[in-house]
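S.K.: Okay, handing you the structure first.
The values are calculated or read from the model by the stated rules, or taken from the named source; none is laboratory data. None of these values were measured; they are calculated from a predicted model. Please note: Cβ atoms are built from the backbone with ideal geometry, for glycine as well, and neighbour counts cover all protein chains shown. When the accessible area is computed, the model is the full protein with side chains, heavy atoms only, and any ligands, DNA or RNA have been set aside. Shrake-Rupley method; radii C 1.70, N 1.55, O 1.52, S 1.80 Å.
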Amino acid sequence: MTNSTQNSSQTNQSWGGRFSEPTDEFVKIFGASVFFDKILAPYDIQGSKAHAIMLQEVGLLTKVEKDQIIEGLDQILAEIKSNTFEWSVTLEDVHMNIESRLTQLIGNAGKKLHTGRSRNDQVATDIRLYLRAQLDDLLTEINRLQTALLDLAEQEVSTILPGFTHLQAAQPVSFGHHMMAYFEMLTRDAERLVDCRKRMNSMPLGSAALAGTTYPINRKRTAELLGFERICLNSLDGVSDRDFAIEFLSASSMIMMHLSRFSEELILWSSAQFNFIELPDSFCTGSSIMPQKKNPDVPELVRGKTGRVYGNLTSMLTIMKSQPLAYNKDNQEDKEPLFDTVDTLKACLRVFADMVPTIQANRDIMYNSCKKGYTTATDLADYLVNKGLAFRDAHEVVGKSVSYGIEHQKDLSELTLEELKVFDERIDNDVFDILSLEGSLCARDHLGATSPSQVKSAIKEARKNLS
């Protein structure tokens, strides 16, 4: 064995020829990505198969070589799925591990697979294939959660609870209407993911290291085989672009923000101070010291994991912010925040989709809570406006009547006609139709409002659009 061959075998078979001494052992571990990027193996194999078919079609591989490559890749995928595949840190990443094993299995044909491509465009393609598949799974989970929200909203259309501003009781709303607010948030979230998928579905393969390749490749054919809608039109951008990943992390942060808001309400509502809802034992835990405790761990964890996803977005933006064109080793750091976000988001959506159908509304407590907050005060003001009083004057009149109610510990609906007339002579018996919680709810009967009839219509329309 010559010195150059010996040195090459001590470094890395994919690039060892240039080096005269082996890589430091710690640097091997420090620089390796195979610990986490092996998750890309099925997508790397998918991309390699398409690349091999294209190479054979343009005459750079024989049919025998192409068939050997595909057969070998199928065997490698089976080994990976059965956990018998041996991953090597020396080979750095998922791509070289697979290529090395392929060469072991089929010989020289395995070395020809890398013709016309680089690990730079290879990994950029793998990540897009991975994320495209994950997006489809995430959209399924969002759909499942939205369906659960529709079911709960339909069940609680006529359940009345106080709507809040500044966490102060403001106006009565339908609990079903409240659940539909989260349905709307998730609809926007799903639209963002669908939009993100469109921009992500562009193929970088063929960009090679950064400048394209001298081989007569057919990028359109490869894109067709891999289901990409477009081809990255600039090789420099193709290998270095991670906008699609940042966009996904941004959309994921929005989803987590919405789930966190929902979590916060579930945590408040399930507390003894509110007691608006009951979460089942299967989604809660107890205390090691306080036997009376029932902790809403699931929404608390989701609320906490929101910061984790925000951090991943910040990490990715920071990774990319100072990189000159084209590919840099920094880009190796793009995968862990991406993989972690996919796993975290998928788990949070799944647990919410499982938990929402089990939420039990304490309807009487919600109803009585509305009476404590003078939530029909705005209805009284609107009533006076309809009687000819200017709104600002009506506002003052109602403010005085509320102060009177607080002083005498009476809700507005509990005041007598004589008591109400003290504040304005226009008030008559018909005022009690709108001072009841039911009357207040039903009075808001227009598109997007909280009356039971409007909520039912919203649910019906939502089911049609979701299917």
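S.K.: Would you compute, from DSSP H runs of 4+ residues alone, the mean residue ellipticity of the chain at 222 nm, taking -39500 (n - 2.57) per run and dividing by the full residue count, rounded to the nearest 500?
M.R.: For the chain, the value works out to -20000 deg cm²/dmol.
S.K.: Considering only protein heavy atoms, what is the solvent-accessible area of Glu71 at a probe of 1.4 Å, reported in Å² to the nearest 10?
M.R.: Per-residue accessible area (Glu71): approximately 130 Å².
S.K.: Starting from the Cα-Cα distance between Ile29 and Lys346, subtract it from 0.36 nm times their residue separation and give me the gain in nm to one decimal.
M.R.: Numbers: separation 317, 0.36 × 317 = 114.12 nm, distance 2.97 nm.
Difference between extended and current length: 111.2 nm.
S.K.: What does the convex hull of the Cα atoms come to per residue for segment 266-335, in Å³? Display every interim value, and only then the final one.
M.R.: Details: hull volume 9.8 nm³, N = 70.
Taking only Cα atoms, segment 266-335 has a hull volume of 141 Å³ per residue.
S.K.: Could you state, as a whole-number percent, how many of the C-alpha pairs of segment 187-235 are farther apart than 14 Å?
M.R.: Working: 666 of 1176 pairs.
Tail of P(r) above 14 Å: 57 percent of Cα pairs.
S.K.: For the chain, restrict the atom set to alpha-carbon positions and state the Rg and Dmax in Å.
M.R.: Taking only Cα atoms of the chain, I get Rg and Dmax of 31.1, 109 Å.
S.K.: Now, a different point. Just to be sure I follow: if Rg is taken over the C-alpha atoms of segment 309-348 and Rh is the Kirkwood radius over the same atoms, what is Rg/Rh? Don't jump to the answer; show the numbers that get you there.
M.R.: Numbers: Rg = 11.3 Å, Rh = 10.8 Å.
Value, to two decimals: 1.05.
S.K.: In vacuo Debye scattering of segment 337-467, one point per C-alpha: log10 I(q)/I(0) at q = 0.12, 0.23 Å⁻¹?
M.R.: Summing over Cα pairs of segment 337-467 leads to -0.65, -1.36.
S.K.: Here's something else I'd like to know. Summarise the long-distance tail of P(r) for segment 158-272 by giving the % of C-alpha pairs beyond 23 Å. Write out the running numbers ahead of the final one.
M.R.: Numbers: 3441 of 6555 pairs.
For segment 158-272, the fraction of Cα-Cα distances above 23 Å is 52 percent.
S.K.: Moving on. In degrees between 0 and 90, to the nearest 10, how far off the longest principal axis of the chain does helix 335-355 point, with axes built from Cα atoms?
M.R.: Taking the Cα atoms of the chain, the angle to 335-355 is about 40 degrees.
S.K.: Please list log₁₀ I(q)/I(0) at q = 0.15, 0.20, 0.26 Å⁻¹ for segment 299-376, using the Debye equation with identical point scatterers on the alpha-carbon positions.
M.R.: After summing over all Cα pairs, the log10 values are -0.71, -0.91, -1.13.
S.K.: What is the diffusion coefficient of segment 329-372 in µm²/s, taking the Kirkwood radius over Cα pairs and the Stokes-Einstein relation at 37 °C with a viscosity of 0.692 mPa s? Let's see the in-between values first.
M.R.: Values: Rh = 14.0 Å.
Value of D from the Cα-based Kirkwood radius: 235 µm²/s.
S.K.: What translational diffusion coefficient, in µm²/s and rounded to a whole number, does the Stokes-Einstein relation yield for segment 129-215 at 20 °C and a viscosity of 1.002 mPa s, taking the hydrodynamic radius as the Kirkwood radius over Cα pairs? Present the calculation step by step, with values, prior to reporting the outcome.
M.R.: Details: Rh = 16.2 Å.
Rounded, D is 133 µm²/s.
S.K.: Debye sum, Cα scatterers, segment 233-385, no solvent: what log₁₀ I/I(0) at q = 0.10, 0.13, 0.14, 0.19 1/Å?
M.R.: One equal scatterer on each Cα of segment 233-385 leads to -0.56, -0.75, -0.81, -1.10.
S.K.: Take the Cβ-Cβ distance between Lys460 and Ala181 as r, set R0 to 22 Å, and report the resulting FRET efficiency rounded to the nearest 0.05. Please list the in-between numbers first.
M.R.: Numbers: r = 17 Å, r/R0 = 0.77.
Taking R0 as 22 Å, the efficiency between Lys460 and Ala181 is 0.85.
S.K.: Turning to a different aspect of this structure: Run the simple label-point estimate for Thr314 and Ser82 please: 7 Å along Cα→C-beta, distance reported in nm.
M.R.: In this crude label model, Thr314 to Ser82 measures out at 4.6 nm.
S.K.: Can you pull a Stokes-Einstein diffusion coefficient for segment 77-183 at 4 °C (1.567 mPa s), Rh from Kirkwood over Cα pairs, as a whole number of µm²/s? Don't skip to the end; give the middle numbers.
M.R.: Details: Rh = 18.9 Å.
Translational diffusion coefficient: 69 µm²/s.
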